[in-house]
Structure formats: structure tokens, C-alpha cells
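Worksheet: the structure to be examined is printed underneath.
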Amino acid sequence: MRTLKEITDELKAQFMTNPMLKELYGIEDGEEFGDHFGKASIEGLLIYIAAYCTYALERIFGTVQDEIEELINRQSPGRPEWYARKLLEYIHNVPLDEYGEFVTDGMEESEIEKRRIIKHAVAIDADTGVLVLKVAGDKDGRPCQIEDCEYPNCEPLIQHYISRIKYAGVRTQLINQPGDIYNANISIWYDALMHKDSVDEKCREAIRQYLCNLPFNGEYSHTALIDALQRVKGVDIVEVRHCEAVRQADGRTEEIADLYKPYAGYLIPGKIDITYEEH
């Protein structure tokens, strides 16, 4: 989608190459719009109005197109988005009919909602030919593992539900795990006029907020974390010296070079060592 500046520049270029306008304004070949018209000129204002209207229309049409494509993806059976939506519709410990739909006759809406234990879901068509289905519950507004102690026999029942709705021949892998633990070693240079303890408290909160606000199965990025830390008052320079993610599922540790997509779908702050130097 074009920016407002791109549209404005394109209209100005068309204005300067139009034969009738070149003759009317005495425009020579190779001249630019700014050579003839000031920022407050009537011509410049009219072009800006036309550019803004075009920009607004493109944004509207682009949004509508995105919404239509999303709706098609969600409603097209067999697509990864369809599987994710079907997982969010799962109702725990409720029987299925012959078509794979839940039998909720006589159940209160509040009870149905209470049994919708999958609060986060994503389906990934992996290169191995396996459809990876990541799911999580929700605790205090954050993703969490759906546990048998709270919902007895949850994974086998979810697996059975998947087997009933999936297309023949589709191999699936269900991932319902505690979040990957994020450990890091970070160096921060801060304004010498600021109190170190205050900067440390705000930096740790910024890290926690960044990790906790990543979308489910969203990608971690060094650059985005550094941006979040540099928005903290008093922070001048940030360097991520080392960081890693530990899968709680099997204890596997993976060093993060720049980008990382959590195995469980979400990250949990772990041991975060921060060294500070005055700047």
C-alpha cells in the first residue's frame, strides 16, 4: 500500500510532465515541482488534497480486502486458519455428534464458555508435512499450559476432537506446553543523572511487558526488545550480549541470534542479568 508521500510525489511528477500544463506554466524538461511552486501554492494544495483522498480510499479498500481474505481463510475448511478456529471452538468433556459437532443441548451458555478451555491456538503447515497445532489456556491474561489437574484427560480428548475434524491423510502434532523460558545478558548505558535502581526497575518491567505482549506464536526480535528498552527514560544505549530460550517440554536450550519463534507459542521471563554503566 502506497504512503501519502509516494502518492503526492507521483501526482507532482505527472503534473510536471503533462504537455498542456507544461505549456500553460512554461515548464522546461527536467524541472521539478518545487522549482515552480512553493509549499503554500494553490497547485501544491490541490495536489495534496487529491493525494490525501487517494490515500484514504486505498487504505479503505486495502482494509476491506484484508478483511475479506481473512474471512475466506477462516471459513475455508482444511486451511491452517480453519484448524485454529476449530480448536478455539473446542468444548471440554462434551460429546460430539456424528458430524463432529458438540452436543450442547440443555447446557447454559455460561457453562459452555467455561468449558472452552483453549484460549490461544495456531496451526502451522510445517515443511515436514505435519500440521503443527499449538494451543494454550489463559491465566491472568497470559497464555498458559492446559493442565490435566484442572481439566482431567484434556490432551487425549483434544486429540480425539482433532481426529474427528481433520481431513483424511493429514498428520497433526499437538503442542500444549508451558512457555519457553527466556534468559538474557544485557548491557545498558544510562543517563548519569538518573538513579540506577529506578532505571533497573523500569527496564525489567519493559522486558516483561515486551515478552508478555507478544502475540501467541509471535516472533521475538532483539531489535524490538532494544526499541522497548530505549523508550525507558534515561536509557541511552542497549546491547543484548547473549540470550537463549529453554523449552520446558524437553529442556532443550536454543541460543537466540536475533529472531526466535517460541516452541510452546509464548515466552516466560527467566534469568535476566543486566549490567549498567553511566553514559
Checklist outcome for this item: segment 136-177 accessible area per residue, 1.4 Å probe, protein heavy atoms, integer Å², reads 60 Å²
Checklist entry - With springs only between Cα atoms under 10 Å, which of Pro77, Pro262, Pro156 fluctuates most in a Gaussian network model of the chain? => result Pro156
Checklist outcome for this item: Per the helix-only model, the chain has a calculated mean residue ellipticity at 222 nm (DSSP H runs of ≥4, -39500 (n - 2.57) each, divided over all residues, rounded to the nearest 500) of -12500 deg cm²/dmol
Checklist outcome for this item: Of the residues Thr104, Gln145, Thr223, the Cα lying farthest along the dipole of the chain towards its positive end, which is defined by charges on the beta carbon of Lys, Arg, Asp and Glu, belongs to Thr104
Item to check | Dipole moment magnitude, nearest 20 debye, the chain about Cα centre, only Lys, Arg, Asp, Glu C-beta charged | outcome: 640 debye
Checklist entry - Between segment 201-279 and segment 1-61, how many Å separate their Cα centres? => result 45 Å
Checklist outcome for this item: Counting only protein heavy atoms with a 1.4 Å probe and every protein chain in place, the carbon and sulfur fraction of the accessible surface of segment 100-228 in whole percent equals 47 percent
Next on the checklist: Compute a Gaussian network model of the chain, connecting alpha carbons closer than 10 Å, and tell me which residue from Val130, Val64, Val232 fluctuates the most.
Outcome noted: Val64
Checklist entry - Any idea what the dipole of segment 61-197 comes to, in debye rounded to 20, about its Cα centre with Lys/Arg Cβ at +1 and Asp/Glu Cβ at -1? => result 380 debye
Checklist entry - Where does the longest stretch of the chain lie that holds no chymotrypsin sites (Phe, Trp or Tyr not before Pro) found in a DSSP loop with 13 or fewer other Cβ atoms within 10 Å? => result 168-279
Checklist entry - Residues with amide H under 5 Å of Ala136's amide H, sequence separation 5 or more or different chain, H placed in the peptide plane at 1.01 Å from N; which? => result Lys119, His120
Checklist outcome for this item: Excluding ligands, DNA and RNA, the carbon-plus-sulfur percentage of the accessible area of segment 9-94 with a 1.4 Å probe reads 56 percent
Checklist entry - What stretch of the chain, leaving out the sites themselves, is the longest with no GluC sites (Glu not before Pro) in a DSSP loop having at most 14 other Cβ atoms within 10 Å? => result 151-218
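The values are calculated or read from the model by the stated rules, or taken from the named source; none is laboratory data. For clarity, every value in this text was computed on a predicted model and none was experimentally measured. As a convention, Cβ positions derive from the backbone with ideal geometry for all residues, glycine included, and neighbour counts pool all protein chains shown. The accessibility values were calculated without ligands, DNA or RNA, using every heavy atom of the protein model including side chains. Shrake-Rupley method; radii C 1.70, N 1.55, O 1.52, S 1.80 Å.
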